[in-house]
Amino acid sequence: MRAEAQREYVEYVTGAMPSLRRLAYILCGDEHRADDLVQQAITKLYVNWQRIRAVEHLDQYVRTMVVRGFIDERRRFWFRVGLTAEPPDVGRAEAPAAGVEEAIVLRAALAKVPRRQQAVLVLRFLCDLSVDEVATMLDCSPGTVKSQTARGLATLRRHVEQTDLADTRKGR
């Protein structure tokens, strides 16, 4: 890669890294897996930088790479490696701060939603993308995005309602 192209790549990745990591973390809920997803995307970006740097909506293109990497991760389940023989040490539990318990329940419920529906929900409601933008990112029709959103929300509600937190909230 030429020095000028490499400089452009480094500038782009440096600026885009925080938002890519945030998107990946929201999708998978694990800091380390999020880093892996982003690393995978920026590696592919580097390899194809000469062609990709001319893309009109580069940020959207790279976000799409992260989202598709997340969705495809399930297909490559055998590829993941577990490196610990024992679970990590668990510190003593303290009372969670306000709102933390709800966030934990929501994160756990979101993790139970099928990956494609999970990606649609994250992109629509947390990244605030339109139906058409999500359809473009996931290479599907707007109708599919709408149906995946409806099914994902129904699944998410069902999982949240199954938790003790939902029961205690209703009693307030």
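The values are calculated or read from the model by the stated rules, or taken from the named source; none is laboratory data. Computed from a prediction, not measured in an experiment: that's the story for all the values here. Here the Cβ positions follow ideal geometry from the backbone for every residue, glycine too, while neighbour counts run over all protein chains shown. Heavy atoms of the whole protein, side chains included, go into the accessibility calculation; ligands, DNA and RNA do not. Shrake-Rupley method; radii C 1.70, N 1.55, O 1.52, S 1.80 Å.
Restricting attention to region 25-40, the residues that are under 17 Å from A109 (Cα atoms) and surrounded by 16 or more Cβ atoms within 10 Å (Cβ to Cβ) add up to 4.
Residues in region 13-32 that are under 15 Å from A119 (Cβ atoms), of a type outside the set (V, I, T) and in contact (Cβ under 8 Å) with a residue 12 or more places away in the chain: L20, L23, A24, L27, C28, G29. Across region 1-24, the qualifying residues are those that are over 20 Å from I71 (Cα atoms) and small (G, A, S), and the one among them that is most open to solvent (accessible area, probe 1.4 Å) is A3. Close contacts from region 43-67, counting a first residue that is open to solvent by 70 Å² or more (accessible area, probe 1.4 Å) and a second that is of a type in the set (D, E), with Cβ to Cβ under 8 Å and a gap of 6+ residues or different chains, come to R53/E8. Contact map, region 122-137: first residue touching a residue at least 40 places away in the same chain (Cβ under 8 Å), second residue assigned to a loop (DSSP other than H, G, I, E, B), Cβ cut-off under 7 Å, separation 6 or more or different chains; pairs are L123/L129. Could you say which residue among D89, D59, D128 is at pLDDT 80 or above and not in a helix (DSSP H, G or I)? Exactly one residue qualifies, and that residue is D128.
Selection of region 105-125 for residues being open to solvent by less than 10 Å² (accessible area, probe 1.4 Å), touching a His at 6+ places or on another chain (Cβ under 9 Å) and part of a helix (DSSP H, G or I) yields only A109.
Residues in region 15-56 that are assigned to a loop (DSSP other than H, G, I, E, B) and of a type outside the set (D, E): G29, N48, R53, A54, V55.
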